[in-house]
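Trainee: Structure in structure tokens, see below.
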Amino acid sequence: MRLILLGPPGAGKGTQSARFMQKYGIPQLSTGDMLRAAVSAATPIGLKAKAIMDAGGLVSDDIVVGIVADRIRESDATRGFILDGFPRTVNQAQALDAMLAEQHMDLDSVIELKVDEAALLDRIASRVQEMVAAGKPVRADDNPDAFKTRLDAYRTLTAPVSAYYEKKGRLRTIDGMAPADTVTEMIDEVLSHCVKA
Ligand code: ADP
């Protein structure tokens, strides 16, 4: 099962990916998590990416495509994966097509979670409160200024990715405003029509 989850920041991609990772026993490949790990470890990629991420901008396609290309060759990804936060530009989507073709792989589904923009800021505010309450560190980009930049990047650079997959007849859209369990059921329903593994 090779799945892409698309949607703006705060749409619930991470929550849903974690559920399907368990269900299908395949890894969740979150480029945001991988980049945050690189920042924490102060790797050369992390050092380049930190300021851009903190401000809410997009890290360069070359860097992100390189990370994903390496990651999908790891052994736990041979049975499939859920991409969360990638591709985020049409360039990245084309690079993904090329890497999958090279490995004779195909995507099973591309699912977009649609969410009202007005709700997103509230969701991020709740995420910050939950992290604080749990004594966990708050993401440097979970603040109103960076969030606005993340949303702008989504509108201008990532929304065309949905159109890219729609043209290929691969896109399925789901109401991300529904309660999380309902969203899971709706994704399940879409996947039941395309599950190979
Ligand atoms: P969210 O979807 O909540 O905004 P992510 O955890 O997916 O957050 O990503 C956090 C940040 O990591 C992004 O704002 C961006 O700076 C960087 N990033 C993650 N994935 C990509 C990508 N595919 N291309 C470019 N930058 C990325």
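Trainee: Given a 1.4 angstrom probe, what's the average accessible area per residue across the stretch 103-191, in square angstrom?
Mentor: 57 Å²
Trainee: Taking amide H atoms as placed 1.01 Å from N in the peptide plane, list the residues 5 or more away in sequence, or in a different chain, whose amide H sits under 5 Å from that of Glu112.
Mentor: When sequence neighbours closer than 5 places are left aside, the close amide H contacts are Leu6, Arg172, Thr173, Ile174.
Trainee: Of the accessible area of the stretch 2-192, with the probe set at 1.4 angstrom, what percent is carbon plus sulfur?
Mentor: Of the solvent-accessible surface of the stretch 2-192, carbon and sulfur hold 55 percent.
Trainee: Given the pairs Lys114/Lys136; Lys114/Lys167; Lys48/Lys136; Lys48/Lys114, which span a C-alpha to C-alpha distance of over 22 angstrom in this model?
Mentor: In this structure, Lys114/Lys136; Lys48/Lys136; Lys48/Lys114 exceed 22 Å between Cα atoms.
Trainee: List the relative contact order of the chain as a percent without decimals, with contacts defined as Cα pairs under 8 Å and 6+ residues apart.
Mentor: That works out to 34 percent.
Trainee: Once the piece of chain linking Lys148 and Leu121 is laid out straight, how much longer is it, given 0.36 nm per residue of separation minus the C-alpha distance between them?
Mentor: 8.8 nm is the gain from fully extending Lys148 to Leu121.
Trainee: So what is the calculated 222 nm ellipticity per residue for the chain, using -39500 (n - 2.57) for each DSSP H run with n of 4 or more, over all residues, to the nearest 500 deg cm²/dmol?
Mentor: Helix-only estimate at 222 nm: -17000 deg cm²/dmol.
Trainee: If you build a Gaussian network model of the chain, linking Cα atoms that sit under 10 Å apart, which residue out of Ser17, Ser30, Ser126 swings the most?
Mentor: Ser126
Trainee: Can you sort Ile111, Ile63, Ile52 by 1.4 Å-probe accessible area, starting with the largest?
Mentor: Ile52, Ile63, Ile111
Trainee: Given 4 °C and 1.567 mPa s, compute D for the chain with the Stokes-Einstein relation, Rh being the Kirkwood radius over Cα pairs; round to the nearest whole µm²/s.
Mentor: In µm²/s, the coefficient rounds to 75.
Trainee: Using the per-residue mean of other Cβ atoms lying within 10 Å as a proxy for protection, in what order, highest first, do the peptides 69-82, 131-144 fall?
Mentor: The most tightly packed comes first, giving 69-82, 131-144.
The values are calculated or read from the model by the stated rules, or taken from the named source; none is laboratory data. Everything numeric in this text was worked out from a predicted model, so none of it was measured. Don't worry about glycine lacking a Cβ; one is built from the backbone with ideal geometry, like all the others, and counts go over all protein chains shown. Surface areas here come from the heavy atoms of the whole protein model, side chains and all, with no ligands, DNA or RNA. Shrake-Rupley method; radii C 1.70, N 1.55, O 1.52, S 1.80 Å.
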